[in-house]
Amino acid sequence: MSHLQGLRCRECGHGTDLAAVHVCEHCFGPLEVAYDYEALAAAVSRERIAAGPASLWRYAPFLPVLAGPHPPARVDLGAGFTPLVPAPRLGAALGLDDLWLKNDTMNPSYSFKDRVVSVALSVARQLGFTTAACASTGNLANSVAAHAAAAGMDAYVFVPADLEEAKIVASGVYGPKVVAIKGTYDDVNRLCAEVAGEYGWAFVNVNVRPYYAEGSKTIGFEIAEQLGWRLPDHVVAPMASGAMLVKIDKAFSELVQTGLVAQQPWRISGAQASGCAPIAAAFKDGSGDVRPVRPDTVAKSLAIGNPADGYYALDAVRRTGGWMEDVADHEILAGMRLLASTEGVFAETAGGVTVACLQRAVQAGLVERGERTVAVISGNGLKTVEALAGELGPTYTITGRLDEFEQALASEE
Amino acid sequence: MSATVRIPTPLRSATQGASTVEVEGATVGEVLKNLDAAYPGIGERLLDDQGQIRRFVNIFVDEEDVRFASGLDTRVPEGATVSIIPAVAGG
C-alpha cells in the first residue's frame, strides 16, 4: 500500500524493505513500520473509518497491509472495536470522577493479543508463510492458535510450563503444537529467538514483530473514536514488554498528525506487578536503566523479566508526564475483585494490576479527580481463575431445604 | 580458552553465513574482541560507543544472561557456549 515506506530502525534510523525481519542489521535495534503520513492523512477521514467494519480493521490505513503476490486475505476473527465503558462505581471507589474502561476481555480469544495477531498473521500470509508461531506468557499463545486454525495455518506456540491451566487448554483446543518450556518466559523467548532463525516460520513476536506491534495501536484509535474523536487526558496500561503502552501513545500521535483529532496533551502511565517490575523500577529510581529480573508474580501474563520495549515505555511515560507503579500479589487479587464487584468486568490478573496501580497512584496524588482516565483491561478473568479460586468459594453450602437456607441467611446477621 | 559463539541470523552476513564460530577468550569481553578481530565490523553492532553491550543485545554464557553475572567481565569457561540473542517483544 502506498502509505507504507518500509521498516526503520528505532535506534539508528536505518531503513530496510518490508520483509520478515525484526532486528536492524546495523545496530541490532528493533525495526518499526514507517508510514508516509501525508499520504495517510489524505486517505483517511472520520467518516470512512466509521463506515468500516466493527473490528480493528476499520483502521486498516494505519496498519501494515502488504501488497504482494499472495491474495490479500486477512486473518480476521473480528478482533478489536471492543467496548469503551464509563466506570462510575469503580471511579467512586478510587476517587475519580471520569474513569473509563477499555474492555479488551471482549476479543475472540479474550485478550488484546487478538489485535496484534490478526495484523501479524495477515502480513505473514502475505509474505508466504504457512506456519505461525510465538513465544508467549499465555494470551498470545491462545490467540495465535485460534487465528492460525481459522487461517488453515500450522502453529507452534511456546509457553512456560507453569502457566495457568486455562491458558494451556485454550491454546491446545485449536490444534497447535504446544511447546511447554521448563523455565520462565525469558527462557522461552531465548529459545524462540534461536528457533526463529532456523525455521521458516512466522514467529509473530520475533521475525514479524514490527507488524505485530502495530496492532496494539488500534486500542488507542478506538479509545479516541469512542470518546467522540477526542483524546483522553490519561491512559493507564499494564506493562509486560511495554509494547502495548508504547503503541497506544503512538496511536494518539498518529491521530493528531493525520488531523483526525485535535491536539491536546495526554498522559500515559504504566502498571506492573511488584514480582516483575523492571520497567517501573527503572522509572522510580530515575536511572532509566532497565535491568532484567527473575519474575515471581501471580500476574503470569505480565511476567517478562527482560522487557524488550522497556526503554520506549519509559520514554513515553516520561515525555507525557505519566507515572509507573507496581503492586504486590495481594493487591492484584483485590484489584480484580474491586473491578468485578463495581463494574461487572472480570479481568485476568493483569487487569488487577492495572486497577491496583491506578488506586496507588490516586492515593499518591498522581491522578486528578476530574482527569478523564481510561484503564486498559487487557484479558479475561476466566483465563486465570486459579488466582482467586482459593478465596472465592460458595457463600453457603446447604442441602435443598428452605429451612437450611433461612438458617444460612440468618447466620449472616 | 576456546568458546563456541552462536551467531544470530541478523549477524550471519558478517560470518559468511556461519551460525557458530570458535573464538578464544576467558571473558565475554575478550570473546567479543576476538570475534570482532576475526569478523571485522561485528563488534560495533554488539557494543555501543562506550564499549558497553547495546541495550537490545542479550548475551548468554551457557544458560546465564551475562547481565545477571558480571556483564563483559563474565568468565567464559573452557568449552562454553556464548549465545548472542536479539531482544524479543512480549507475549
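Which residue, A:VAL85, A:VAL144, A:VAL355, tops the fluctuation ranking in a GNM of chain A built on C-alpha contacts under 10 Å?
Result for chain A, Cα springs under 10 Å: A:VAL85 fluctuates most.
Which of the pairs A:LYS102/A:LYS217; A:LYS182/A:LYS383; A:LYS102/A:LYS284; A:LYS177/A:LYS217; A:LYS284/A:LYS383 have their Cα atoms more than 22 Å apart in this structure?
A:LYS102/A:LYS284; A:LYS177/A:LYS217; A:LYS284/A:LYS383
With angles folded into 0 to 90 degrees, how steeply does helix A:329-343 sit against the dominant principal axis of chain A? Use alpha carbons for both and round to 10.
Here the helix axis deviates by roughly 80 degrees.
Output the Kirkwood hydrodynamic radius of chain B, Cα pairs only, in Å rounded to one decimal.
Over chain B, the inverse of the mean reciprocal pair distance is 13.0 Å.
Please turn the phi angles of segment A:216-225 into ³J(HN,Hα) values with the Karplus equation 6.51 cos²θ - 1.76 cosθ + 1.60 (θ = phi - 60°), one per residue in order, whole Hz, x for glycine and proline.
Result, ordered by residue: 5, 4, 5, 4, x, 4, 5, 4, 5, 4 Hz.
Pairing the Cα long axis of helix A:113-126 with the longest principal axis of chain A, what angle in degrees results, from 0 to 90 and rounded to the nearest 10?
Taking the Cα atoms of chain A, the angle to A:113-126 is about 20 degrees.
Report the Cα centroid-to-centroid distance between segment A:239-287 and segment A:379-400 in angstrom, as an integer.
33 Å
Rounding to the nearest 10 and keeping the result within 0 to 90°, find how far the Cα-based axis of helix A:185-198 lies from the longest principal axis of chain A.
For A:185-198 against chain A, the angle is about 20 degrees.
When the helix-only estimate is applied to chain B (DSSP H runs of n ≥ 4, each -39,500 (n - 2.57), divided by the residue count), what is the mean residue ellipticity at 222 nm, nearest 500 deg cm²/dmol?
Working: 2 runs with 16 residues, N = 91.
Estimated from H runs of four or more residues: -4500 deg cm²/dmol.
How would chain A be classified by its alpha-carbon gyration tensor: rounded, prolate or oblate, with rounded meaning a/c under 1.5 and the a/b versus b/c comparison settling the rest?
Working: a/c = 1.59, a/b = 1.33, b/c = 1.19.
Prolate shape, in that a/c is at least 1.5 and a/b is the bigger ratio.
How would you rank A:ASP17, A:ASP104, A:ASP285, going from fewest to most other Cβ atoms within 10 Å of each one's own Cβ?
Numbers: A:ASP17 7, A:ASP104 27, A:ASP285 10.
Result, fewest neighbours first: A:ASP17, A:ASP285, A:ASP104.
Per-residue mean of other chain beta-carbon atoms within 10 angstrom of the beta-carbon, peptide B:4-14? Numbers along the way, then the final one.
Numbers: counts 0, 0, 2, 1, 6, 9, 8, 4, 1, 1, 1.
Shielding by partners across B:4-14 averages 3.
When you count, for each residue, the other Cβ atoms within 10 Å and take the mean per peptide, how do A:291-303, B:75-87 rank with the highest first? Intermediate results must be reported in sequence, preceding the final value.
Values: A:291-303: 22.1, B:75-87: 18.2.
Going from most to least packed, we get A:291-303, B:75-87.
Grab the other residues whose beta carbon is less than 11 angstrom from that of B:THR74, score K and R as +1, D and E as -1, and report the net.
Within the 11 Å Cβ shell, the charges total -3.
Shielding by partners for B:48-57, please: the mean number of other protein chain Cβ atoms within 10 Å of each residue's Cβ.
Mean number of neighbouring Cβ atoms from other chains: 3.
Using a cut-off of 12 Å between beta-carbons, work out the net charge of the residues near A:ALA271 (Lys and Arg +1, Asp and Glu -1, A:ALA271 not included).
After counting each charged neighbour, the total is -2.
Which of A:HIS3, A:HIS330, A:HIS147 has the fewest other C-beta atoms within 10 Å, and how do the rest follow up to the most?
Fewest-to-most ranking of A:HIS3, A:HIS330, A:HIS147: A:HIS330, A:HIS3, A:HIS147.
How would segment A:246-360 be classified by its alpha-carbon gyration tensor: rounded, prolate or oblate, with rounded meaning a/c under 1.5 and the a/b versus b/c comparison settling the rest?
Values: a/c = 2.22, a/b = 1.25, b/c = 1.77.
Oblate, because a/c is 1.5 or more while a/b does not exceed b/c.
Using the Cα centre of the protein assembly as shown as origin and beta-carbon charges of +1 (Lys, Arg) and -1 (Asp, Glu), tell me which of A:VAL188, A:TYR396, A:VAL236 is placed farthest towards the positive end of the dipole.
In the protein assembly as shown, that residue is A:VAL236.
Give me the one-decimal nm value for the distance between modelled label points at B:SER2 and A:LEU382, 7 Å along each residue's Cα-to-Cβ direction.
Label at B:SER2, label at A:LEU382, 5.8 nm between them.
No lab work stands behind these numbers, since they all come straight from the coordinates. Predicted model, so just to flag it, every value in this text is computed and none were measured. Ideal geometry is used to build each Cβ from the backbone, glycine not excepted, and the neighbour counts take in all protein chains shown.
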